[in-house]
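For reference, the structure is listed below as structure tokens.
The values are calculated or read from the model by the stated rules, or taken from the named source; none is laboratory data. No experiment lies behind these values; they were computed from the predicted model shown. Neighbour counts are summed over all protein chains in view; Cβ atoms, including those assigned to glycine, are modelled from backbone coordinates with ideal geometry.
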There are 2 protein chains.
Amino acid sequence: MKVVERIKEIRNELNHVRKSGTTIGFVPTMGYLHEGHVSLIHAAKKKKHFVVVSIFVNPLQFGPNEDLDRYPRDFERDEKIAKEAGADLVFYPSVHEMYPTNMPMTIHVTNGADVLCGKSRPGHFDGVATVVMKLLQIVQPTEAFFGQKDAQQLAIIMNMVQAFNVPISITGCPTIREEDGLAKSSRNVYLEENEREEAPFLYETLRKGAEWIQLGETSRSAILAELKKSLEKGSGTLDYVDVLTYPSLEPVENLQGKVILAVAYAYKKARLIDNYILELKEEA
Amino acid sequence: MKVVERIKEIRNELNHVRKSGTTIGFVPTMGYLHEGHVSLIHAAKKKKHFVVVSIFVNPLQFGPNEDLDRYPRDFERDEKIAKEAGADLVFYPSVHEMYPTNMPMTIHVTNGADVLCGKSRPGHFDGVATVVMKLLQIVQPTEAFFGQKDAQQLAIIMNMVQAFNVPISITGCPTIREEDGLAKSSRNVYLEENEREEAPFLYETLRKGAEWIQLGETSRSAILAELKKSLEKGSGTLDYVDVLTYPSLEPVENLQGKVILAVAYAYKKARLIDNYILELKEEA
């Protein structure tokens, strides 16, 4: 597995790969790799791609009050994990390599950025879209892989690729879960014992909500009321719960097509997010 | 010469071209082709590219008070001109093909959009950058050609390609001029006789300004004062004159590197623009 830090160099490397007729699969990350990332690398590997993993903590997606400097970094560990997972190349650019000057323009997300996690992070998804557009232009993969756990990010990337006609296919990979259903997250270790025991009810609640929808309850407000009732029984604090179209992320009252149920829930030392995406069959 | 209206179809056509080992040269236009466009097609042809010309009047770059519907269109004439100039393929998409839904995000230009022509057209260059990004992703040319007459547009496209690492080279082609120096424009026919006689003084003034700079006057304010003095002698109305870095379009007092002198000047029925770009040699 090669590690490449310069844009020129990765372009060269990948031109050789493309000329040999091999397709390129891309897993963009901010490093500090965990099982979720590994599952993305495996998904790319399974499709016989030459697998590129990027590791770049993107300053543009951090707000002025969000601590960019404290974001966890451990490149040696990441390199080992990527290699063991089967990555063929790690792209590890410096901030200066990615942003040699201030960006004279950015992608500004007008739909789907002000709901869910975006509500409390203005500008965050502009930063995400901008860096992913850059990375897609640098790597020019056939297929890029994102976790469904970050469902809003995945939605916005899907929308971006479609809106700008980027000739790439975007694949969302399922959330990796503990046996009791809790979505895996590096933050789970911060849960107290009773919180850890309770936490699977988040996914269980979304799953039930999805079931109600599939059984015929297509009123967003009715589903939301039920979800809130269940979630308020927990010992933490409900940050948000919402039901939106997917990936357009619109609050449509009469649910149809693809729909996401999403929750953010704060325990004492860990804020957990989870979601459930389902597709309503059209009426005959 | 083929005419293609669908994105899927042009992708197919160009994949064949690429596989045959031919490079693609791209000339994006809003149609109503004139000698300037023809010179861009010739420049692309000269470099042995397979030449794609797009004809698309982009609604996104028109403000609410700008009359999109009255923008001149004549596809049959355009087709004939493109063919005679040596274009290999014309891409002529509908608005629905380019914007099947409202754009959920756009490119937002933060540097260089609020000077020169952008001052009076807020959002205009966001619309330009957004549609050109889409077209570049659809056509994926090796090289794209723009006229230097629209110097601010050219600058912003250059900045965009660099900022987003789009793997394409952008070539600016010189402004086509009448024998007396007046930049060719479809608007010149609206000039009254005495205006037409006077109008070459715009370019002449910029050229003199460039000469002063090259002779050692590197104070922006000094140059601007001289330019204004000359331009106010004309019978029309000075809309703006400015001296900026190029292509970053910044008002730096101590001129150095690449510099643009640009003017917009309103006669009774025609608003003319022109510019002069020069590169200052670094001191030894």
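I need the full set of residues from region A:19-40 which are farther than 21 Å from A:A129 by Cα and free of Cβ contacts under 8 Å to residues at least 60 places away in the same chain, in order please.
At the first step, the residues of region A:19-40 found to be farther than 21 Å from A:A129 by Cα are A:19-23, A:34-35, A:38-39.
If the condition is that a residue be farther than 21 Å from A:A129 by Cα and free of Cβ contacts under 8 Å to residues at least 60 places away in the same chain, then A:K19, A:S20, A:G21, A:T22, A:V38 are the ones that fit.
Here is a yes/no grid of residues against (1) assigned by TED's automatic domain parsing to the domain that holds B:P28; (2) more than 18 Å from B:K269 (Cβ to Cβ); (3) modelled with pLDDT of 95 or more:
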site	(1), (2), (3)
B:I138	yes, yes, yes
B:F145	yes, yes, yes
B:A151	yes, yes, yes
B:G181	no, yes, yes
B:E195	no, no, yes
B:S219	no, yes, yes
B:L238	no, no, yes
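Any residue in region B:187-207 that's touching a residue at least 24 places away in the same chain (Cβ under 8 Å) and within 13 Å of B:L272 (Cα to Cα): show its pairings with residues that are surrounded by 18 or more Cβ atoms within 10 Å (Cβ to Cβ) and among the hydrophobic types (A, V, I, L, M, F, W, C) at Cβ separation under 6 Å, as long as the two are six or more apart or on different chains.
Cβ pairs passing all conditions: B:R187/B:A270; B:Y190/B:A270; B:L191/B:A270; B:A199/B:L182; B:L202/B:V263.
I'd like the residue in region A:232-256 that is in contact (Cβ under 8 Å) with a residue 40 or more places away in the chain and of a type in the set (A, V, I, L, M, F, W, C) and, out of all such residues, is farthest from A:I157 (Cα to Cα).
A:L255
Out of region B:208-220, which residues are farther than 23 Å from B:G118 by Cα and either surrounded by 13 or more Cβ atoms within 10 Å (Cβ to Cβ) or hydrophobic (A, V, I, L, M, F, W, C) (or both)?
Let us first name the residues in region B:208-220 that are farther than 23 Å from B:G118 by Cα, namely B:208, B:211-219.
Passing the criteria: B:K208, B:W212, B:I213, B:Q214, B:L215, B:E217, B:T218, B:S219.
In region A:228-284, what residues are more than 14 Å from chain B (Cβ to nearest Cβ), of a type in the set (G, A, S) and under 17 Å from the mean Cα position of the chain (by Cα)?
Once the filter is applied, which keeps residues that are more than 14 Å from chain B (Cβ to nearest Cβ), of a type in the set (G, A, S) and under 17 Å from the mean Cα position of the chain (by Cα), region A:228-284 yields A:A262, A:A264.
Return yes or no: is B:K229 surrounded by fewer than 17 Cβ atoms within 10 Å (Cβ to Cβ), more than 24 Å from B:Q153 (Cβ to Cβ) and of a type in the set (D, E, K, R)? Step through it out loud before you land on a result.
Working: surrounded by fewer than 17 Cβ atoms within 10 Å (Cβ to Cβ): yes; more than 24 Å from B:Q153 (Cβ to Cβ): yes; of a type in the set (D, E, K, R): yes.
The answer is yes for B:K229.
Would you point out the residue of region B:169-195, among those that are among the β-branched types (V, I, T) and in a loop (DSSP other than H, G, I, E, B), that is farthest from the chain's Cα centre (by Cα)?
Of everything passing the filter in region B:169-195, B:I176 is farthest from the chain's Cα centre (by Cα).
Every residue in region A:66-92 that is closer than 22 Å to A:A144 by Cβ and touching a helix residue (DSSP H, G or I) at 6+ places or on another chain (Cβ under 9 Å), please.
Once the filter is applied, which keeps residues that are closer than 22 Å to A:A144 by Cβ and touching a helix residue (DSSP H, G or I) at 6+ places or on another chain (Cβ under 9 Å), region A:66-92 yields A:D78, A:I81, A:A82, A:E84, A:A85, A:G86, A:A87, A:D88, A:L89, A:V90, A:F91, A:Y92.
Tell me yes or no: at least one residue of region A:221-242 is polar (S, T, N, Q), within 21 Å of A:L116 (Cα to Cα) and in contact with a Pro (Cβ under 9 Å, 6 or more places away or on another chain).
No, because not a single residue in region A:221-242 is polar (S, T, N, Q), within 21 Å of A:L116 (Cα to Cα) and in contact with a Pro (Cβ under 9 Å, 6 or more places away or on another chain).
So how many residues does region A:93-114 have that are at negative phi, within 12 Å of another protein chain (Cβ to nearest Cβ) and in contact (Cβ under 8 Å) with a residue 12 or more places away in the chain?
11
For A:N275, work out the one condition from (1) over 26 Å from A:R177 (Cα atoms); (2) in a strand (DSSP E or B) it doesn't fulfil.
Status for A:N275: all satisfied but (1).
Could you tell me whether any residue of region B:23-31 is assigned to a helix (DSSP H, G or I), of a type outside the set (A, V, I, L, M, F, W, C) and surrounded by fewer than 17 Cβ atoms within 10 Å (Cβ to Cβ)?
No.
Which condition does B:V38 not pass, out of (1) in a helix (DSSP H, G or I); (2) among the aliphatic types (A, V, I, L, M); (3) in contact with a strand residue (DSSP E or B) (Cβ under 9 Å, 6 or more places away or on another chain), if it passes all the others?
For B:V38, the failing item is (3).
Considering only region A:72-164, give the strands (runs of 3 or more DSSP E) lying wholly within it that have at least 3 residues that are over 20 Å from A:H37 (Cα atoms).
A:105-109
Taking the residues in region A:135-151 that are within 17 Å of the chain's Cα centre (by Cα) and closer than 24 Å to A:M98 by Cα as candidates, determine which candidate is surrounded by the fewest Cβ atoms within 10 Å (Cβ to Cβ).
A:E143
Being away from every other protein chain (no Cβ under 14 Å), in contact with a Cys (Cβ under 6 Å, 6 or more places away or on another chain) and more than 28 Å from A:V109 (Cα to Cα) narrows it down to one residue among B:G86, B:G147; which is it?
B:G147
So for region A:118-131 (the condition being within 13 Å of another protein chain (Cβ to nearest Cβ), among the aromatic types (F, W, Y), more than 19 Å from A:Y265 (Cα to Cα) and within 13 Å of the chain's Cα centre (by Cα)), does at least one residue qualify?
yes
Please specify each residue of region B:4-13 satisfying the condition of being away from every other protein chain (no Cβ under 11 Å) and in a helix (DSSP H, G or I). Step through it out loud before you land on a result.
Let us first name the residues in region B:4-13 that are away from every other protein chain (no Cβ under 11 Å), namely B:4-6, B:9, B:12-13.
Listed by number, the residues that qualify are B:E9, B:N12, B:E13.
Report every pair of residues separated by at least 6 positions or lying on different chains whose Cβ atoms are under 6 Å apart, first residue within region B:259-273 and assigned by TED's automatic domain parsing to the domain that holds B:V243, second among the polar types (S, T, N, Q).
Matching pairs, first to second residue: B:I260/B:N275; B:A262/B:N275; B:A266/B:T237.
Mind checking which residues of region A:98-117 are buried (at least 17 other Cβ atoms within 10 Å of the Cβ), over 17 Å from A:Q61 (Cβ atoms) and more than 18 Å from the chain's Cα centre (by Cα)?
Matches in region A:98-117: A:P104 only.
How many residues are of a type outside the set (S, T, N, Q), farther than 16 Å from A:I170 by Cα and either under 14 Å from the mean Cα position of the chain (by Cα) or within 14 Å of chain B (Cβ to nearest Cβ) (or both) when one looks only at region A:14-56?
Here the count works out to 12.
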